[in-house]
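Some notes on the structure that comes next.
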2 protein chains.
Amino acid sequence: MTTREEVARKAGVSVAAVSYVLNNKPGVSDATRQKVLEAIRELDYKPSHAARTLKTKKTNQLTVFVNYLGDAFEAGILNHLEMESRMFGYFVNFQTYHPEREEELRHFMAGRIDGVFLLGQSLRPETLETLHKAGIPVISVMKPVEPGPVTAFVDIDWTASLQKTIRHLKSEGHLRIGLMANLSETHAHRTRTLAFRQAMKAEGLPFGETDILSGGGRLEAAKAAMLDYIRIGRLGEHTAFVAASDLMAIGMLTACRESGIAVPDRLAIAGCENVLMTLQTTPTITVLDYPRPEASVAAVRLMVEAIRGEPVASRLFDSRLLVRQSTHMGG
Amino acid sequence: MTTREEVARKAGVSVAAVSYVLNNKPGVSDATRQKVLEAIRELDYKPSHAARTLKTKKTNQLTVFVNYLGDAFEAGILNHLEMESRMFGYFVNFQTYHPEREEELRHFMAGRIDGVFLLGQSLRPETLETLHKAGIPVISVMKPVEPGPVTAFVDIDWTASLQKTIRHLKSEGHLRIGLMANLSETHAHRTRTLAFRQAMKAEGLPFGETDILSGGGRLEAAKAAMLDYIRIGRLGEHTAFVAASDLMAIGMLTACRESGIAVPDRLAIAGCENVLMTLQTTPTITVLDYPRPEASVAAVRLMVEAIRGEPVASRLFDSRLLVRQSTHMGG
DNA sequence: TTGTAAGCGTTATCAC
DNA sequence: GTGATAACGCTTACAA
């Protein structure tokens with residue numbers, strides 16, 4: 001392994017000079033700079049990341065907690081987060097998040113990362129506290145349910161957004177609207193449940209506990225819940241359903257198809273994220289378009305600023321409603 | 001930040017003793033061990049990863065190159081890789097792979113990782129060479145097209161597997177079978193194209209360049225290619241298609257649905273991976289079941305052994321054919 | 001069984 | 001402008 005010492009020797013300068021050049025410090029003569037650059041090239045020298053980290057306490061690594069990578073929505077955000085982070089010289093690693101293994105994760109992270117991205121999870125206060133004390137910013141894409149002291153978050157205004165969905169549904173004649181929710185306490189989907197309740201209220205529509213189905217955030221579970229709903233003869237109770245995630249919307253659609261329930265004629269279905277697949281189903285699914293690229297880019301910006309010690313503020317984005325076949329009669 | 005020195009002071013022992021305890025070295029008295037453990041707990045001490053890496057040259061980090069995270073197949077493998085790697089104390093980071101940015105990636109990795117996982121990509125010889133010289137094992141999940149000197153790979157026997165698919169198709173009366181391929185030079189999907197050609201030959205079925213459609217590995221592109229195929233009136237040429245990836249199979253199915261082509265009656269379609277979604281389409285899609293968990297676990301094992309310097313050998317797994325509605329007449 | 005001390009490859013503070 | 005040199009926190013001979 002080539003070290004800075006060898007480079008210095010080869011260039012006929014001191015190790016300090018090499019450092020200056022490498023870190024773009026001012027006050028280095030052009031001649032020296034050239035010699036150093038030349039030596040670096042010839043020796044194919046790469047600075048030691050570990051040594052640098054030991055000295056500077058900066059790891060240039062970011063970690064993101066993922067709930068379930070099989071979800072195209074999360075995968076998409078992870079993707080954007082990675083690409084944007086790399087622009088700033090950060091490596092991104094990820095860890096599947098299990099609430100019950102938080103302690104273990106905390107241990108795992110110690111001294112290895114400069115920042116944590118959350119995908120809406122609510123970390124435990126002790127964990128947040130540990131990270132805070134270690135000076136590690138926590139930026140959440142999607143507002144955590146427990147507000148807790150995350151450094152900042154980016155999200156859309158769920159109440160306003162879901163109100164758009166509800167208004168559209170109303171305009172199509174739907175007054176009994178149900179929600180396929182994910183009731184997990186620590187998952188960002190819960191925010192959507194809360195927002196949906198408010199939005200229904202704002203729109204003057206009735207909404208209670210019996211209007212909520214539990215789909216666990218996954219396709220399979222939502223499908224099972226819907227199949228059950230149909231089986232026990234509840235189908236007449238609602239004329240439309242909003243699913244808190246696209247995967248759940250697809251699950252509901254699958255359940256309807258297998259049961260011979262026409263969508264949107266007998267039941268309208270809308271999703272919340274706009275993953276690619278919602279455009280590939282029959283019927284195509286009406287969804288809110290979560291601005292993933294923008295939100296991810298913003299999250300990385302916030303992260304970089306927070307790491308620099310600059311003050312950061314959470315951001316809320318707009319979300320459009322994309323009306324497609326699953327909610328549009330005669331569409 | 002608590003250091004080993006503080007722990008030593010608190011426990012009333014030397015810094016070396018703390019190290020011995022931490023690294024489970026023999027030759028430490030129980031009394032000392034207890035005192036150290038106690039001090040560590042009280043101080044909530046965590047060893048510095050950077051310092052340890054600087055000294056040992058082990059980073060305990062693995063990286064995986066991802067082609068496209070929106071693909072449930074890759075996401076699934078990434079998932080398994082992460083979970084299994086963590087069992088062995090490794091952190092997993094990932095990088096979206098772009099052939100043209102390989103140089104940049106190489107730079108990015110220097111001194112930061114102990115091993116590289118490939119998802120079937122063919123790395124350039126120089127890159128492989130660099131990694132080899134740095135003592136970094138390269139384990140590929142799915143055999144790279146260019147055999148190159150990767151340390152080892154895990155995969156299924158594609159020719160034998162695709163032969164199962166073809167035999168099944170033959171038994172359903174299909175003799176003109178096409179392939180929806182991904183022709184990218186560096187992508188593992190290419191292996192499947194090669195294998196398919198061999199399998200067709202082995203089954204005594206005609207297969208030439210005109211029997212190949214190019215779907216770029218993605219749903220959208222495969223759908224477009226299929227739509228095109230239908231539009232220009234080629235539909236009668238084949239009675240069945242095998243897609244080199246499930247995403248492409250779904251894209252073809254979508255194209256057929258939008259064009260009013262009945263599957264499997266007018267065209268049978270089969271996939272290659274068994275991602276969850278193939279069970280949720282109508283019709284459900286016949287697929288080969290790629291043993292993702294087993295392959296991922298095996299890949300991590302190989303990685304750990306290779307890092308330890310043990311000799312490793314590539315492994316081939318069996319793959320089952322899951323016959324579903326998309327290829328089964330009257331199913 | 002325990003302690004001392006020499007690095008590991010950087011960065012950064014001083015002198016020169 | 002440039003060059004010594006002291007940390008950074010850890011591992012590991014080697015000494016005691």
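The values are calculated or read from the model by the stated rules, or taken from the named source; none is laboratory data. Keep in mind the model is a prediction, meaning the values are calculated, not measured. When we count neighbours, we look across all protein chains shown, and the Cβ atoms used for this are built from the backbone with ideal geometry, even at glycine. Quick note on the areas: whole protein, heavy atoms, side chains included, nothing else; ligands and nucleic acids left out. Shrake-Rupley method; radii C 1.70, N 1.55, O 1.52, S 1.80 Å.
The set of residues in the stretch A:230-252 that are over 20 Å from the mean Cα position of the chain (by Cα) and open to solvent by less than 10 Å² (accessible area, probe 1.4 Å) comprises A:His238, A:Ala240, A:Phe241, A:Val242, A:Gly251, A:Met252. In this structure, is B:Glu104 open to solvent by 10 Å² or more (accessible area, probe 1.4 Å) and more than 16 Å from DNA strand C (Cβ to nearest atom)? Yes. Within the stretch B:280-306, the set of residues being open to solvent by 10 Å² or more (accessible area, probe 1.4 Å), touching an Asp or Glu at 6+ places or on another chain (Cβ under 9 Å) and within 14 Å of chain A (Cβ to nearest Cβ) comprises B:Thr282, B:Arg292, B:Pro293. Just one of (1) touching a Gly at 6+ places or on another chain (Cβ under 6 Å); (2) open to solvent by 10 Å² or more (accessible area, probe 1.4 Å) fails for A:Ser184. It is (1).
Can you tell me which residue among A:Ile139, A:Ile166 is at pLDDT 95 or above, part of a helix (DSSP H, G or I) and open to solvent by less than 10 Å² (accessible area, probe 1.4 Å)? Before the answer, list the steps.
Details: A:Ile139 fails: part of a helix (DSSP H, G or I).
Residue meeting the stated conditions: A:Ile166.
Condition check for A:Ala160 on (1) open to solvent by less than 10 Å² (accessible area, probe 1.4 Å); (2) closer than 30 Å to A:Val323 by Cα: one failure, at (1).
Of all the listed residues (A:Ala11, A:Ala39), the sole one being near DNA strand D (Cβ under 9 Å from one of its atoms), surrounded by 21 or more Cβ atoms within 10 Å (Cβ to Cβ), more than 8 Å from chain B (Cβ to nearest Cβ) and not acidic (Asp, Glu) is A:Ala11.
Can you name every residue in the stretch B:1-29 that is among the charged types (D, E, K, R) and over 45 Å from the mean Cα position of the chain (by Cα)? Break it down into steps so the answer makes sense when it comes.
First, the residues of the stretch B:1-29 that are among the charged types (D, E, K, R): B:4-6, B:9-10, B:25.
Scanning the stretch B:1-29 gives B:Arg9, B:Lys10.
Return the pairs, sorted by first residue and then second, in which the second residue is of a type in the set (Lys, Arg), the first residue lies in the stretch B:285-299 and is over 25 Å from B:Asp265 (Cβ atoms), the beta carbons are less than 6 Å apart, and the residues are 6+ apart or on different chains. Between residues of the stretch B:285-299 that are over 25 Å from B:Asp265 (Cβ atoms) and residues that are of a type in the set (Lys, Arg), the close pairs are B:Ala298/B:Arg315. Taking the stretch A:218-229 as the range and being small (Gly, Ala, Ser) and either over 24 Å from the mean Cα position of the chain (by Cα) or more than 14 Å from chain B (Cβ to nearest Cβ) (or both) as the test, the residues that pass are A:Ala224, A:Ala225.
From A:Arg124, A:Arg176, which residue is in contact with a helix residue (DSSP H, G or I) (Cβ under 7 Å, 6 or more places away or on another chain) and within 27 Å of A:Cys256 (Cβ to Cβ)? None of the other options fit; the residue is A:Arg176. When the stretch A:270-279 is filtered for residues that are within 14 Å of chain B (Cβ to nearest Cβ) and at negative phi, the ones remaining, listed by number, are A:Glu273, A:Val275, A:Leu276, A:Met277, A:Thr278, A:Leu279. Residues of the stretch B:195-240 that are aromatic (Phe, Trp, Tyr) and either without any contact (Cβ under 8 Å) to a residue 12 or more places away in the chain or touching a helix residue (DSSP H, G or I) at 6+ places or on another chain (Cβ under 6 Å) (or both): B:Phe196, B:Phe207. Across the stretch B:26-42, the qualifying residues are those that are in contact with a helix residue (DSSP H, G or I) (Cβ under 8 Å, 6 or more places away or on another chain) and within 8 Å of DNA strand C (Cβ to nearest atom), and the one among them that is farthest from A:His132 (Cα to Cα) is B:Gly27.
The single condition among (1) assigned to a loop (DSSP other than H, G, I, E, B); (2) of a type outside the set (Ser, Thr, Tyr); (3) more than 10 Å from chain B (Cβ to nearest Cβ) that A:Ile113 does not satisfy is (3).
Do we have any residue at all in the stretch B:82-91 that's closer than 30 Å to A:Asn274 by Cα and either within 16 Å of DNA strand D (Cβ to nearest atom) or under 14 Å from the mean Cα position of the chain (by Cα) (or both)? Checked against the condition, which is being closer than 30 Å to A:Asn274 by Cα and either within 16 Å of DNA strand D (Cβ to nearest atom) or under 14 Å from the mean Cα position of the chain (by Cα) (or both), the stretch B:82-91 yields at least one hit.
For the stretch B:17-29, which residues satisfy the criterion of being assigned to a helix (DSSP H, G or I) and either surrounded by fewer than 21 Cβ atoms within 10 Å (Cβ to Cβ) or more than 9 Å from DNA strand D (Cβ to nearest atom) (or both)? Break it down stepwise before answering.
If we filter the stretch B:17-29 for residues that are assigned to a helix (DSSP H, G or I), which is where we start, we get B:17-22.
B:Ser19, B:Tyr20, B:Val21, B:Leu22 - these are the residues of the stretch B:17-29 that are assigned to a helix (DSSP H, G or I) and either surrounded by fewer than 21 Cβ atoms within 10 Å (Cβ to Cβ) or more than 9 Å from DNA strand D (Cβ to nearest atom) (or both).
Candidates are the residues of the stretch A:256-267 that are in a helix (DSSP H, G or I) and farther than 14 Å from A:Gly233 by Cα; the one that is farthest from the other protein chains (Cβ to nearest Cβ) is A:Glu258.
Could you tell me whether B:Ala17 is at pLDDT below 95, in contact with a helix residue (DSSP H, G or I) (Cβ under 7 Å, 6 or more places away or on another chain) and more than 13 Å from DNA strand C (Cβ to nearest atom)? Outline the logic, then answer.
Details: at pLDDT below 95: yes; in contact with a helix residue (DSSP H, G or I) (Cβ under 7 Å, 6 or more places away or on another chain): yes; more than 13 Å from DNA strand C (Cβ to nearest atom): no.
Here the answer is no, as B:Ala17 does not meet what is asked.
Criterion applied to B:Thr56, B:Thr32 was being within 16 Å of DNA strand D (Cβ to nearest atom), within 30 Å of B:Phe153 (Cα to Cα) and hydroxyl-bearing (Ser, Thr, Tyr), and the one residue passing it is B:Thr56. Quick check: anything in the stretch A:143-156 within 17 Å of A:Phe65 (Cα to Cα), assigned to a strand (DSSP E or B), at pLDDT 95 or above and of a type outside the set (A, V, I, L, M)? The answer is yes, given that some residue of the stretch A:143-156 is within 17 Å of A:Phe65 (Cα to Cα), assigned to a strand (DSSP E or B), at pLDDT 95 or above and of a type outside the set (A, V, I, L, M). Considering only residues in the stretch B:42-59 that are hydroxyl-bearing (Ser, Thr, Tyr) and surrounded by 17 or more Cβ atoms within 10 Å (Cβ to Cβ), the one that is farthest from the other protein chains (Cβ to nearest Cβ) turns out to be B:Tyr45. Taking the criterion of being within 16 Å of DNA strand C (Cβ to nearest atom) and open to solvent by less than 10 Å² (accessible area, probe 1.4 Å), the only residue of the stretch A:60-84 that qualifies is A:Gln61.
Quick grid of which residues meet (1) more than 11 Å from chain A (Cβ to nearest Cβ); (2) closer than 30 Å to B:Leu118 by Cα; (3) assigned to a strand (DSSP E or B):
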{"site": "B:Thr63", "(1), (2), (3)": "no, yes, yes"}
{"site": "B:Tyr68", "(1), (2), (3)": "no, yes, no"}
{"site": "B:Leu78", "(1), (2), (3)": "no, yes, no"}
{"site": "B:Met83", "(1), (2), (3)": "no, yes, no"}
{"site": "B:Glu103", "(1), (2), (3)": "yes, yes, no"}
